[in-house]
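Quick notes on the structure that follows.
The values are calculated or read from the model by the stated rules, or taken from the named source; none is laboratory data. Here the structure is a predicted model, which is why all the values come from computation and not from measurement. Backbone-built Cβ (ideal geometry, glycine too); neighbour counts: all protein chains shown. Surface accessibility is based on the protein's heavy atoms, side chains included, excluding ligands, DNA and RNA. Shrake-Rupley method; radii C 1.70, N 1.55, O 1.52, S 1.80 Å.
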Amino acid sequence: MINAESVLSSLSQFRKSGPFHHCVIDDFFDIDVARTLESQFLPYDDSRWFFYNNPIENKKALNDWNIFPSDSYKAFKYLNSREFISLLEAAVGVPLFADEGLHGGGWHMHAAGGNLNPHLDYSIHPKLGLQRKLNIIIYLSEEMREDYGGHLGLWKHDNNKNQPGPLMKEIAPKFNRAVLFDTTQNSWHGMSRQLVQPDNIYRKSLAVYYLCEPVGDVDQRGRALFAPREDQIGDEEVDRIIELRSQVSQSANVYRTL
């Protein structure tokens, strides 16, 4: 299912990259598998998608195993398997656990104008009590081009402001490219370039998260913490949405505000 040689080679670089540990894995799946997985995404206007639509995020997501077609189901099963997780453990150096519930993961899709502000992922899984350690994103849109945008940005952490600092790296959402990164290192990430692709082309991706036992003084954050973009700084409504979005008890109230 995966290109083992490419995966192992890229994982060897995981702890050598900044601004936080990460690696980029091109040709992640066998090419025929990647094309099949792309073809199995629901149409963008299908009512079964969950729609995030507010000033800090505009995307559709779905993590319902019962809706995934057979090949997609098998791909998620493999990505949560002990066989694959063992590869990740060797690179990361800590025991990892799958999140078969795909909390926050699964299928993601962005249309033209889609958005995802810089953010820190949740720290403690709201149901399992484990800490999110790794995030893998696999891009599956063969028609996406570099000039369409939608790049994954990695920001350095500003210790004084507890906000994202300079943008340190941009990774284009190239077809069949995976990005694996550590989410425990003040790992600010998001979409660094606006999506400007034609209306009939979508930024599709799979996302899976891996958990570990909390160690030391761990941030108890149970939802993602977003940051305003430069043109949103000082916007009281954006600040209000960011605050509510970060709270387990209130986040659902601001998933859709537009």
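If you scan segment 94-106, which residues turn out to be open to solvent by 30 Å² or more (accessible area, probe 1.4 Å) and on the phi > 0 side of the Ramachandran plot? Gly104, the sole residue that qualifies. Scanning segment 76-87 for residues that are farther than 19 Å from Asn135 by Cα and hydrophobic (A, V, I, L, M, F, W, C) turns up nothing.
Polar (S, T, N, Q), touching a strand residue (DSSP E or B) at 6+ places or on another chain (Cβ under 9 Å), farther than 23 Å from Asp121 by Cβ and surrounded by 14 or more Cβ atoms within 10 Å (Cβ to Cβ): is that true of Asn3 in this structure? Judged against the criteria, Asn3 is a match. Looking only at segment 236-257, residues that are touching a residue at least 60 places away in the same chain (Cβ under 8 Å), over 25 Å from Tyr139 (Cα atoms) and surrounded by 12 or more Cβ atoms within 10 Å (Cβ to Cβ) come to 7 in all. Annotation note: of Lys74, Lys60, the sole residue that is farther than 21 Å from Ser123 by Cβ, open to solvent by 50 Å² or more (accessible area, probe 1.4 Å) and basic (Lys, Arg) is Lys74.
Quick check on segment 107-128. Is at least one of its residues outside any loop (DSSP other than H, G, I, E, B), out of contact with any helix residue (DSSP H, G or I) (no Cβ under 6 Å at 6 or more places or on another chain), under 21 Å from Arg82 (Cβ atoms) and open to solvent by less than 30 Å² (accessible area, probe 1.4 Å)? Checked against the condition, which is being outside any loop (DSSP other than H, G, I, E, B), out of contact with any helix residue (DSSP H, G or I) (no Cβ under 6 Å at 6 or more places or on another chain), under 21 Å from Arg82 (Cβ atoms) and open to solvent by less than 30 Å² (accessible area, probe 1.4 Å), segment 107-128 yields no hits at all.
Note on segment 177-201: residues that are closer than 16 Å to Glu146 by Cβ and either open to solvent by 20 Å² or more (accessible area, probe 1.4 Å) or not in a strand (DSSP E or B) (or both) total 9.
Just the residues that are among the charged types (D, E, K, R) and without any contact (Cβ under 8 Å) to a residue 60 or more places away in the chain, please, taken from segment 17-62. Listed by number, the residues that qualify are Asp30, Asp32, Asp45, Asp46, Arg48, Lys59, Lys60.
Considering segment 79-93, the residues that are surrounded by 14 or more Cβ atoms within 10 Å (Cβ to Cβ) and touching a residue at least 12 places away in the same chain (Cβ under 8 Å) include one that is nearest to Leu140 (Cα to Cα), namely Leu79. For segment 188-202, the criterion of being of a type in the set (Ser, Thr, Tyr), over 26 Å from Leu79 (Cα atoms) and out of contact with any Phe, Trp or Tyr (no Cβ under 8 Å at 6 or more places or on another chain) is satisfied by at least one residue.
Kindly provide the set of residues from segment 134-176 that are in a strand (DSSP E or B) and of a type in the set (A, V, I, L, M, F, W, C), ordered by number. Listed by number, the residues that qualify are Leu134, Ile136, Ile137, Ile138, Leu152, Leu154, Trp155, Leu167, Met168, Ile171.
Note on segment 234-253: residues that are in contact with a strand residue (DSSP E or B) (Cβ under 8 Å, 6 or more places away or on another chain) and β-branched (Val, Ile, Thr) amount to 2. When segment 138-174 is limited to residues that are in contact (Cβ under 8 Å) with a residue 60 or more places away in the chain and buried (at least 21 other Cβ atoms within 10 Å of the Cβ), the one that is nearest to Leu87 (Cα to Cα) turns out to be Ile138.
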